[in-house]
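S.K.: First the structure, which I've put down as structure tokens, then a few questions once you've had a look.
The values are calculated or read from the model by the stated rules, or taken from the named source; none is laboratory data. Remember, predicted model here, so these are calculated numbers, not experimental data. Don't worry about glycine lacking a Cβ; one is built from the backbone with ideal geometry, like all the others, and counts go over all protein chains shown. Protein only, heavy atoms only, side chains kept; ligands, DNA and RNA dropped before computing areas. Shrake-Rupley method; radii C 1.70, N 1.55, O 1.52, S 1.80 Å.
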Amino acid sequence: MFNPNVDYGRGILENLMEQQNFLEQVRRFRCENLKKVSTTVTAVDGQQFVETLKEGNYSISRSGLTSGYVIDNTADITVSLIMTGLILGSQDVAAELKILEDFNVTHILNAAYRIPNHFESKFVYKNVEVLDDPNSNIRIFFEGCFEFIDDGRQEGCVLVHCNAGVSRAPTIVLAYLMKQCNMTLKEAFNLVKSVRPCIRPNDGFMRTLEEYEKEIHDSSCP
């Protein structure tokens, strides 16, 4: 609503002056005035690069190799019982001998990145080397993992773990439930989510599971 007590002309003039001052600052801007900085970039495969701004130009150099994932130093020894003979957890569970013995673990499926098999003299291991990257082809490991899990369940109990027990290991468990237990993706996801709320397969893995569900359905149709 129009207010006759407000000097609208003065407000418009002040706004115009502010815009002109801003435009003038933009015109005076020079790249050489930027603060000299270096940024370390870590790629998904663990390679590190240092990006440096110098004299208005960028230079990139390789600095080394790291884990390739965000390291979480908080211990997670939560064991998620999926079904008889099958548990899901993080890398921390795989390092706790007492927990493994308490759950009668005989087989360990290690889908973690750069995590060793801690007790090779005590358990049967299978290693799946796949990055938690949406572009990683985790599908190629399904059949081998299913066979390993079935063998382990016949002898005792299988622990499936990755680094955090959030993306890779849950993806394998979900696919196992879909294939071996005739569950839909929704049914399998709800089951695993109910015992391990933190699961979140990355977008690429979820697309793989959706495609796998269709593959199972198509193969079962006459």
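S.K.: Among residues belonging to segment 128-175 that are without any contact (Cβ under 8 Å) to a residue 24 or more places away in the chain and acidic (Asp, Glu), point out the one that is farthest from Ile108 (Cα to Cα).
M.R.: Glu143
S.K.: OK, next. Looking at segment 154-185 only, could you name the residues that are under 17 Å from the mean Cα position of the chain (by Cα) and part of a loop (DSSP other than H, G, I, E, B)?
M.R.: Cys162, Asn163, Ala164, Gly165, Val166, Ser167
S.K.: What are the pairs, 6+ residues apart or on separate chains, where a residue within segment 198-218 that is farther than 17 Å from Cys181 by Cα has its Cβ under 7 Å from a residue that is open to solvent by less than 60 Å² (accessible area, probe 1.4 Å) and aliphatic (A, V, I, L, M)?
M.R.: Listed pairs, sorted by first residue: Cys198/Val166; Ile199/Val166; Ile199/Val192; Arg200/Val166; Pro201/Leu209; Phe205/Ile138; Thr208/Ile138.
S.K.: Identify, from the list Leu97, Leu88, the residue that is modelled with pLDDT of 75 or more and touching a Ser or Thr at 6+ places or on another chain (Cβ under 6 Å). Steps first, please.
M.R.: Working: Leu97 fails: touching a Ser or Thr at 6+ places or on another chain (Cβ under 6 Å).
Leu88 is the lone residue from the list that is modelled with pLDDT of 75 or more and touching a Ser or Thr at 6+ places or on another chain (Cβ under 6 Å).
S.K.: Considering only residues of segment 186-203 that are open to solvent by 80 Å² or more (accessible area, probe 1.4 Å) and part of a loop (DSSP other than H, G, I, E, B), which is farthest from Asn137 (Cα to Cα)?
M.R.: Pro197
S.K.: Can you tell which of Thr208, Thr106 is part of a helix (DSSP H, G or I), open to solvent by less than 80 Å² (accessible area, probe 1.4 Å) and not hydrophobic (A, V, I, L, M, F, W, C)? Break it down into steps so the answer makes sense when it comes.
M.R.: Values: Thr106 fails: part of a helix (DSSP H, G or I).
After ruling out the rest, the residue left standing is Thr208.
S.K.: For segment 109-127, enumerate the residues that are touching a residue at least 24 places away in the same chain (Cβ under 8 Å) and either at negative phi or open to solvent by less than 80 Å² (accessible area, probe 1.4 Å) (or both).
M.R.: Restricting attention to segment 109-127, the residues satisfying the condition of being touching a residue at least 24 places away in the same chain (Cβ under 8 Å) are 109-115, 118, 122, 124.
Passing the criteria: Leu109, Asn110, Ala111, Ala112, Tyr113, Ile115, His118, Lys122, Val124.
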